[in-house]
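Working notes, structure below.
Every number in this text was worked out from the coordinates using simple rules, so none of it is lab data. A quick note: this is a predicted structure, and the numbers were derived from the prediction, not measured.
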Amino acid sequence: NIFTIEKKKTELYQELGLQARDLRFQHVVSIATRNNRIIMRMEFLKAVITPEFLLILDYRNLSLEHWLLNELASQLAGEGQLVTYSLPFEFRAIEAILQYWISKLQGRLNTLQPQILETLEALVDPQLLSVDRSKLRILLQNGKSLSELETDVKVFKETILEILDEEEVIEELCLSKWTDPQVFEESISGIDHAEEMELLLENYYRQAEDLLNEVRELRVLIDDSESIVFINLDSHRNVMMRLNLQLTMGTFSVSLFGLIGVAFGMNLESSLEEDPRIFWLVTGIMFLGSGLIWRRLLSFLGRHLEPPLPPHVPAVLKKSQPAAGRVEIKTSLKGETFGLSRSTLTNQ
């Protein structure tokens, strides 16, 4: 049965037998027990679990009506559970809240993952000469959201791990074991409720760990894609610098042999300006000399920018190297001391 009540804080504290600090609205993730009550804080979702009921505090501001009316009722009723015996109410309540929270985290990842993959696919395209700033802005926003999700999953995982490390806390979470005589007799007869609670928490611990691994893989993919983007930008930048250097060399070559034209353009008299073939001869020498100088500078640039080729290894050495390596390993293993194996390697 699901119903809504409105009460003052003081009345609620007195009915539950709790203190004001127990129901303080803190934006944290924690699971604690006090006075045979389980207090669960999942950031904005805050609940109090007793052996008889589950109290969701201030749910109207959190858009939880769909979950409360359509999903929570069936989970608390134990529908769809393939068990040979029914577990106490607090087990179903804890599992319902943990399932809701892990689904909330998984939904955030399912929303971010396609957006991030689409943005990375657009950024890593090697044909793009420049990076779209709007895509970078979207990737930055999604990266921040992914970091927040990773932090939330870590906190959820560490909270469950702290409980798993404390056997006394797991015993305290089994509320019906200390209030219901029938449940206490079942625990004595062989149905260990503390072990069931531990298995329940371990199940959601594994789910949180798997979710955290997916988030980390997506984070690594973003980092790798950023490296690829930087490599592409550096490659295009190097091409532009090389082109600029080639044009500078060409300008230097033309200017060097252009001094001949400057000399003939001066108002000085000589016998050469009377010959009509001198103009074409000087012009040809200028263009030919500029082309040769530019070609020499380009070849010099190519030799110093291209990576050197690996040294040539003769065929005899290629065939003998694996055998020599095997002999060296065997000999070093047979040596009784480190100095003996080192001297054997040096001699070979």
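Laid out as a table, the results:
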{"quantity": "Pairs beyond 24 Å (Cα-Cα), from LYS7/LYS154; LYS7/LYS157; LYS46/LYS104; LYS8/LYS157", "calculated": "LYS7/LYS154; LYS7/LYS157; LYS8/LYS157"}
{"quantity": "Distance from segment 36-51 to segment 135-164 (C-alpha centre basis), Å", "calculated": "23"}
